[in-house]
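So the structure is just underneath, and the comments pick up after that.
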Amino acid sequence: MAWRFKASKYKNAAPIVPKAEACVREICVGSYQTYGNNIAASAAFMAFNWEHSGSSVAVLPLDDCGRKSKTMPLLHGHTDTVTDLKFSPFHDGLLATASQDCLVKIWHIPEKGLEQSLSDPEAVFSHKQRRVETVGFHPTADGLMYSTAAGCVALFDIAAQKEIFSNNEHPEVIQSASWREDGTVLATSCKDKCVRIFDPRAAGSPIQMLAESHQSIKDSRVVWLGNQSRILTTGFDAARLRQVIIRDMRNFNVPEKTLELDCSTGILMPLFDADTNMLFLAGKGDTTINYLEITDKDPYLIEGLRHTGEQTKGACLVPKRALKVMEAEVNRVLQLTSNMVIPIMYQVPRKTYRDFHADLYPETTGYRTELVASEWLNGTNQAVPKMNLDPAKRELGDEPIVPRLGPKPFSSNTGDVSFDKVFAVPVAPGSHENISNVGQENCSEVPAPGAKPDLIVEIEIEKSHEREPNVAGNGNGNGVQKSLTTSERRKSSADDDESSDKIFEQNSESSENSTEGEDRTDADLRRFSAVRSSIAERRRVYESRSKSQVDDKAQSPVPLRRESSKVEPLKPSQQLGGNSNVMPASGIDSKRISVPEGKLMEEHRQRGNGAGLKKSATEAAFSAASTKRTSTVFGKVSKFRHLKGTPGHKSTHIENLRNLSRQIPGECNGFHANHERVAVPLSGPGGKIAIFELSRPGRLPDGVIPSLVNGSNIMDFQWDPFDAQRLAVACDDGIVKLWHIEEGGLSEPTNTPQGELTAHLDKIYFIRFHPLAADVLLTASYDMTIKLWDLRTMTEKCALTGHTDQIFDFAWSPCGKLGASVCKDGKIRVYNPRKSETPIREGNGPVGTRGARITWALEGHYIVCTGFDKVSERQISVYNAQKLTAPLNTASLDVSPSILIPYYDEDSSTLFVTGKGDSTIYCYEITDEEPYICPLSHHRCSSLHQGLSFLTKNHCDVASVEFSKAYRLTNTTIEPLSFTVPRIKSELFQDDLFPPTRITWSATLSAEDWFACNDKIAAKVSLKPEGMDTLSSIQQVPALAKKPDHSNFGSKSEYESNKQQEIQKSVSARMEYTTKLEQDEMEGVDENEWQE
């Protein structure tokens, strides 16, 4: 049979996407302009960029899943975007990150993963004021790392802690680099549209071959096709079509195969598996991942099944030794999206998966090598030994292949350091065996001499001595346990030993689901620690103890709690043990310090003086409260987490809108409504604004729409909050026109306003009414001033200065005393208008110049600002109103040109944001604790909207649990929109959702009183309708149970057993049960019938 008719074993490999529960969800990923893949994986961990700036990196176990908290531990190591990240092929815990801050950093990931955020890397290498583009490890030499910055290729020997090679012969930025599988040469693609073969060990110029490649300066990628003499590149041609090119080293200048694809703008990231010749092309921004098989003869590229799903932010392949070989999984692609990591399994269909299919798994490259960087540089080439993936032929049988997790920092003043001596597998948790038993003995703690100033390497080797078992209750009671940095652990050998114990200790008691089997595992660990020298055995016990036991609905790797909240559970422990060393609650600083919960519970046990005791009921409740949470705010569940937006019935819509204006400036919201009528700008000359009565819904008649003719282009307009018939309109001639709408609305067009205010000599950006004082209007102009006016006398009262560029927005504080503005110069300013014309506080705002909005939150203690970042991604930032130096937290959304317009409901602390042309209303809860911005259920509309306007609280239907009401403007309709909270007993007044609200629909004071600084606090009123019972009034108040005496352990155990018996009796009394079985009443058959 001819080869071209021979079917490939991988032809029908199908992508299998798991359910959402099996993916990593609710993560925060931005859009990064880098040459990296934004995600990397080893056989133990995955790592990816975090948040909109991308300066932090999240590291999770490879098989992790579920929702992730915004407060999860991260790698905080760079001051700018991380451009690339790679794991070592020989050590699954060794991660290299490159950044725009010109640094490359080496991180050690502990065997249990990140339990707390890390900011101290093991090593730092500098590229001397050049942005680092790519980073990676050598495929055959252990400890050899490469990185590229601008046109420079550099090699670093991590063991010797120095740069061993550098070359600057590339004329432009190097966009991608890939080693041949045997590690002899390197292929690079460059912005000068050329691809090169690079040999760092060659005499003379290291560039061995050069050929013209993709004819576009846009991003390009290169990958070496295993150990073949061929490379594959992806890029764009002169017409900006995406293309794939295969080149053979024997005829390098002529492409062996060129494949034209489409005209999408996202670069194709090539992911190649040399064992199966499977190629995956994932385009940034694409929703599809293409699978092709590479052959050595025409047609060279054979297309397989295509996967279509979420939009891709990054992608990578999982190492072969981490695959599920007994399920015929031949490859796994980790797809990074804006809020998820999706593991896509490529499975070859087989009749049965009970046996290992050896034909699908040729021997693959192993993870052990004897070659080190110095030997490779001297000319030694040595292939990495192959390994078999057949479980029957593995060293450990059916056990998973044990990766080497390392290295820990090491030092030596000699050049013959072997990685095998320092990349040792740690002792199993709970074991008291010294780490030196697996290869580290009598290592000196001497820093390597001759380290360069720009080559910062932190070094440590733990001194070996016999560890003694820890005795429970010997805690020092010094409050929060501080995570030690490498330099701090280096101070004394005693500190070294203590910190080493804590690195690998497990906190199984911190889980509320501790079982008897786990206790037995602990006993086994202590009993056989002296003989537990087997790596496989140690790894197996470690995995059995580190298995997560929280439910996947509320997964957070490290739940955090405030220091003030962790003091209270100590009271029972104080009664139990009477330890005088326990720090009293008043002696702990009340500021919020986040502490990993595992360490927290360990502190409680150490302080309690209760050696060998089980968890107390207080600790169990403490653990349960943290693991069951569904919000991101320290265990507190938001009542508005599942808010629901419901559009009004079609009979309440105003339809047949036409001629809507699309020329409204970005500072104007473009739509404003009150409880009686709405104002909509119309296109055409004259600056027309149409007024529609909400009491007359339905289809508008064809013909001329009655409107207000202003005579000039409209810049902004707003209803008076205390007069539903007065509308203020700002025009581009600097005049504010005040219109009075008669009862019943407009019957014909009119051009005669009630009054005119000549506010500025230049255009007006926007106008704002005061939230408490009547007849107080604020105007902001192109002359970069803000003026306050008394509309009764039509006079200017004060002017605010200090802005240096276009003013985007201004918002009054809830008390009406202060105001905040956001400007195009990237500054947020807070004013006290009646006391100073200059800002009293100033801080950094959004860096984007497209536009911004600002509002106050949490009774004026916080400021929320929406805008754009430097890559034009929309974001929401929360600031402390007293400290504007930097945002407390920033949430990024997406890339869109429309400005996010915020509305804040102070009673529920809910923030609604949306933009013109969006179809989604994003909902968040603003809190005074980390992470400050908590996402709620977003509302997705059926069509795009041009504006959104909310009504005051007194117009909400609280009987239907409606806590917010708005009107939504689309291209042809005006629709009411109701936001409610699902409740079971909706016939009751939900007083937990509707606290007394401030009266904002009537004036609190006059303009004269406000300008005279005679401030008044707005009155509050209850929204409870007459005749409705409150939810709290009918809830049964549980009888306070008598607190048990914790003076000794025996009484406490007796109390718990009595309580359990009472619960069993109460449950049994409510259940009907019988001891008679159904088959007892059935007639049987004779024995002879069975024999027949």
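The values are calculated or read from the model by the stated rules, or taken from the named source; none is laboratory data. Predicted, not measured: the structure shown is a model, and the values here were computed from it. So basically every Cβ, Gly included, is an ideal-geometry build from the backbone, and we count neighbours across all protein chains shown. For the accessible areas, the whole protein counts, side chains as well, though only heavy atoms, and no ligand, DNA or RNA atoms are used. Shrake-Rupley method; radii C 1.70, N 1.55, O 1.52, S 1.80 Å.
The figures follow:
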quantity	calculated
Computed FRET value (nearest 0.05) for residue 16 with residue 834, which takes r as the C-beta separation and R₀ as 56 Å	0.25
Angstrom value of the Kirkwood radius, inverse mean 1/r, which spans all Cα pairs in the stretch 198-267	13.1 Å
Estimated Rh, the stretch 176-233: Kirkwood, alpha-carbon pairs, angstrom	11.6 Å
For the stretch 39-158: rounded, prolate or oblate by the Cα gyration tensor [a/c cutoff 1.5]	oblate
Extent along principal axes [Cα atoms of the stretch 792-929; Å; largest to smallest]	43, 33, 33
Gain in span if fully extended, residue 1026 to residue 805, counting 0.36 nm per residue against the direct Cα distance	74.4 nm
Gyration tensor (alpha-carbon) shape descriptor, the stretch 833-905, a/c threshold 1.5	prolate
Inter-site label distance for residue 984 and residue 1063 at 7 Å from Cα along Cβ, in nm	1.9 nm
Extent along principal axes [Cα atoms of the stretch 707-762; Å; largest to smallest]	35, 25, 16
Per-selection metrics, the stretch 163-309 (Cα): Rg and Dmax in Å	15.1, 49
Zone residues, the stretch 931-965, relative to residue 675, backbone N less than 12 Å from point 7 Å out along Cα-to-Cβ	951-958
Entries of 193/284; 86/320; 797/1016 with Cα pairs more than 22 Å apart	none
Alpha-carbon centroid distance for the pair the stretch 12-63 / the stretch 782-823, whole angstrom	45 Å
Size descriptor, Kirkwood hydrodynamic radius, that averages inverse alpha-carbon separations across the stretch 1-62, Å	15.0 Å
Share of pairwise Cα separations in the stretch 300-398, more than 15 Å, in percent	72 percent
Percent of Cα-Cα distances greater than 21 Å, calculated over the stretch 672-783	34 percent
Pairs of Cα atoms farther than 20 Å apart, the stretch 930-1010, %	53 percent
Rg/Rg_globular for the stretch 104-149, with Rg_globular taken as 2.2 N^0.38 Å and Rg from C-alpha atoms	1.36
Cleavage-rule hits, GluC sites (Glu not before Pro), the stretch 129-232, DSSP coil, Cβ neighbours within 10 Å at most 15	169, 172
The stretch 333-388, Cα convex hull volume normalised per residue, Å³	158 Å³
Label-point gap, in nm, between residue 1017 and residue 182 - each point 7 angstrom along Cα→Cβ	8.2 nm
Modelled FRET efficiency - R0 30 Å, residue 662 with residue 237, Cβ distances, 0.05 increments	0.25
In the stretch 793-889, the GluC sites (Glu not before Pro) that fall in loop regions by DSSP, at most 16 other Cβ within 10 Å	837, 859
Cβ crowding within 10 Å averaged over residues, with 38-46, 357-365 ranked highest first	38-46, 357-365
D_trans [Stokes-Einstein, Kirkwood Rh over alpha-carbon pairs] for the stretch 711-832, 20 °C, 1.002 mPa s, µm² s⁻¹	143 µm²/s
The stretch 84-131 - accessible surface per residue (Å², probe 1.4 Å)	28 Å²
Dipole of the stretch 282-321, positive direction: furthest Cα of 307, 290, 318, with charges on the beta-carbon	318
Formal net charge of residues neighbouring residue 362 (Cβ-Cβ distance under 14 Å; K, R +1; D, E -1)	-1
Rule-of-thumb Rg ratio for the stretch 637-718 [Cα; 2.2 N^0.38 Å; N residues]	1.33
Principal axis dimensions, the stretch 68-111 - Cα atoms, whole angstrom, descending	28, 28, 12
